[in-house]
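Reading through the structure tokens given below for one structure.
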Amino acid sequence: MNYSYNYHKEEPIPYAELLKMAFTDELTGLPNLRSFRACIQERIQQANKTKSTFGLLFIDIDNFKTINDAYGHVLGDKFLIESSKQIAASAESTVFRKSGDEFLILLKDSGRLERKVQAFQDQLPDVIEIGELQLPLHISIGYSVYPNHGESEEALLHYADKIMYLNKRKYKLQLNR
């Protein structure tokens with residue numbers, strides 16, 4: 001059995017636990033970017049073999065910086081945890097935490113992607129309750145389809161990121177009307 005030294009307990013950590021730690025986001029408990037990278041590489045290989053497509057959703061929480069600035073990082077972390085639970089509960093596939101307030105979802109089927117994005121957004125609550133506070137939850141979503149928008153992880157993320165920022169700008173324009 002493989003072990004690593006645990007400096008706090010002064011006893012070895014089992015290899016399986018180390019793997020879980022390496023592929024799981026510490027704050028939200030979701031699979032992390034490292035896990036996403038392994039999954040998307042596997043998905044690309046599978047799509048190449050079967051000549052199929054798949055979708056990628058890139059999600060950003062629109063008001064997170066405002067919440068973090070107004071209420072502090074402890075409450076911001078609680079908001080992220082609760083938001084990630086809601087995002088995961090609304091998703092039809094595994095949700096990965098990319099970083100900060102960004103999340104990724106790999107969809108097996110890329111058909112009707114815009115309709116799936118809208119249905120996903122409609123399932124999310126408008127507010128997240130943290131104690132007595134009701135904090136608004138709005139997300140912007142970008143998407144890409146393999147191989148239509150790219151044939152690599154980098155290209156798919158870049159395209160989905162670009163669409164996400166376009167959607168974020170549209171949302172901000174609606175708020176300012």
Overall dimensions of the chain by Cα: Rg and Dmax, Å: 18.0, 62
The range 117-177-the range 77-106 distance, computed between alpha-carbon centres (Å): 11 Å
Kirkwood Rh (inverse of mean 1/r, distinct Cα pairs), the range 113-157, angstrom: 12.8 Å
Pairs of Lys in the chain closer than 20 Å at Cα, counting only those 8 or more apart or on different chains: 24
Rg/Rg_globular for the range 44-147, with Rg_globular taken as 2.2 N^0.38 Å and Rg from C-alpha atoms: 1.19
Karplus-derived 3J(HN,Hα), 6.51/-1.76/1.60, for each residue of the range 39-54, Hz, glycine and proline x: 5, 5, 5, 5, 5, 5, 4, 5, 5, 5, 5, 9, 6, 10, 10, 8
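Each value in this text was obtained by applying a stated rule to the coordinates, not by laboratory testing. Being a predicted model, the structure only gives us computed values, none of them experimental.
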